[in-house]
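The values are calculated or read from the model by the stated rules, or taken from the named source; none is laboratory data. This structure is a prediction, so every number in the text was calculated from the model and none was measured. In this analysis, Cβ positions are derived from the backbone assuming ideal geometry, glycine residues included, and neighbour counts consider all displayed protein chains. Ligands, DNA and RNA are stripped out before the accessible areas are found, and what is left, the full protein with its side chains, is counted by its heavy atoms. Shrake-Rupley method; radii C 1.70, N 1.55, O 1.52, S 1.80 Å.
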Amino acid sequence: GDINPLHKIFGENYPSILFGTINNTFSAVITDENGLDVSQFYDIDYVYGKLSVNKASIILQSESAEKNYDGTPLSNEDCLLIAGTINPEHNLSGRGYPTIIFGSINNTFDAVITDVNGEDVSKFYNVEYKFGTLTVNKSELRIQTDSAEKNYDSTPLSNNNYSIISGTIAPLHTIILENYSSIVFGTCPNTANAIGYNDNNENVSDYFDVSN
């Protein structure tokens, strides 16, 4: 329909929204040339638009970390915002980071975003995750067994002494060598098997790369 060309129409009481979708409702006010409200003389039918605030999309990536086995847990609780933006008044942090003693895993985590009042506003963000890796490699040890020599006397010859010539044993760990060579006559390498134990007396030999 049309309004009197001398009349003016404007709206008021529009809503606002921080998140979600609502109708963009309003009240129409029509005034005459003298500024008097003449809305009562009009039968107004309203058709409302929509106000929609969608989740902000961001991509977060956790950092990686790597070391050789030393008996202590490895973790890295740093994450980076690599795409998208967050409200400057919001604070981003992570929780639920894993730890690892040996091997390799994804450095998974959950993002927590809070406002200036400390309220969790994570639900307003669509978060995509990219995970770094936590890797604990074998600890390299080079062990040298001692030599021994004697004249033949019909008894076996062996030498159970050794020294570590490179690498270090993790604190509170022990290395035991067993199954040394023995010989009655002739010459042979003084070989042995190395077994590693942690402070709980658990066999952690697989965590070491031992060479002679």
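Note on Cys188 and Glu12: the extension gain reaches 53.4 nm, defined as 0.36 nm multiplied by sequence separation minus the Cα-Cα distance. Contact order for the range 1-119, expressed relative to its length and based on alpha carbon pairs under 8 Å spaced 6+ residues apart, stands at 18 percent. Probing with 1.4 Å while keeping every protein chain in the model, the per residue accessible area of the chain equals 67 Å². Using C-alpha pairs below 8 Å separated by at least 6 residues, the relative contact order for the chain is 15 percent.
Quantify how much of the Cα-Cα distance distribution of the range 65-115 extends past 12 Å, in percent. Tail of the P(r) past 12 Å holds 68 percent of the pairs. Most fluctuating residue of Asn87, Asn76, Asn34 in a GNM of the chain with Cα springs under 10 Å: which is it? Of the options given, Asn34 has the highest mean-square fluctuation.
If you take the beta carbon distance between Leu80 and Ser52 as r and set R0 to 22 Å, what does 1/(1 + (r/R0)^6) give as a FRET efficiency, to the nearest 0.05? The calculated FRET efficiency here is 0.15. Taking 0.692 mPa s as the viscosity and 37 °C as the temperature, the Stokes-Einstein diffusion coefficient of the chain based on its alpha-carbon Kirkwood radius rounds to 132 µm²/s.
Measuring nothing but protein heavy atoms, the accessible surface of the chain at 1.4 Å probe radius is 45 percent carbon and sulfur. Note on the range 1-105: along the principal axes its Cα atoms extend 86, 22, 17 Å, ordered by decreasing extent.
Taking the DSSP beta bridges with both ends in the chain, the antiparallel portion is around 70 percent.
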